[in-house]
Amino acid sequence: MLFRQLLEPDSCTYTYLLGCQETGATVLIDPVLDTVERDLKLLQQLGLKLTYTLDTHVHADHLTGAARLKSLTGSRIAFPAMDKLHCADAGIEEGRIFRVGNIDIHPLFTPGHTSHHHAYLVDNGTHQMLFSGDALLIEACGRN
Ligand SMILES: [Fe+2]
């Protein structure tokens, strides 16, 4: 699995790229509107096609690049189903694995920062990675 951590410094938002090396399917977790061009350049450099964007939550401190990336690449938008977003192509729920290529993403319902916040757990066999969004902040916990 290809993995990249990317930072948008103004909002201190981390975006994560996960790419399936067997299928080329790729997901960006928590893409930021201001860094869409950077993300597109990285995808191009890595020879990947964006399959999905996946957000942990909807919030004023996080302006997602999901719709812009969809319009530019044809990627699909995945969001927590609880948010009932009309723009979502896939609704995410705890207990239902979200699969991107051969990458299994386990959604975890983690309310607090927002009522519908979800974190995403990925286990690639050797490492477990938790993409916690704003449920956990560096040196703090996610606050509302
Ligand atoms: Fe947030």
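What follows is calculated from the coordinates using simple rules that are stated; it is not laboratory data. As the structure is a prediction and not an experimental result, all values here were calculated from the model. FYI the Cβ positions are ideal-geometry reconstructions off the backbone, even for glycines, and counts take in every protein chain you see.
Pull up the stretch 9-66, narrow it to residues that are of a type in the set (Ser, Thr, Tyr) and assigned to a loop (DSSP other than H, G, I, E, B), then point me to the one that is nearest to Phe131 (Cα to Cα).
Thr56
May I ask you to list the residues in the stretch 111-127 that are closer than 14 Å to Tyr16 by Cβ and polar (S, T, N, Q)?
Hit for the stretch 111-127 is Asn124, nothing else.
May I ask you to list the residues in the stretch 113-129 that are more than 16 Å from Ala60 (Cβ to Cβ), within 16 Å of the ligand (Cβ to nearest atom) and not aromatic (Phe, Trp, Tyr)?
His118, Ala119
For the stretch 130-141, state whether one or more residues are within 16 Å of the ligand (Cβ to nearest atom) and closer than 17 Å to Gly19 by Cβ.
Yes, some residue in the stretch 130-141 is within 16 Å of the ligand (Cβ to nearest atom) and closer than 17 Å to Gly19 by Cβ.
Within the stretch 1-29, can you find the residues that are touching an Asp or Glu at 6+ places or on another chain (Cβ under 9 Å) and either among the small types (Gly, Ala, Ser) or within 16 Å of Thr73 (Cα to Cα) (or both)?
The answer is Ser11, Leu17, Leu28, Ile29.
Every residue in the stretch 41-61 that is over 12 Å from the mean Cα position of the chain (by Cα) and touching a residue at least 24 places away in the same chain (Cβ under 8 Å), please.
Across the stretch 41-61, the qualifying residues are Leu42, Leu43, Leu46, Leu48, Lys49, His59, Asp61.
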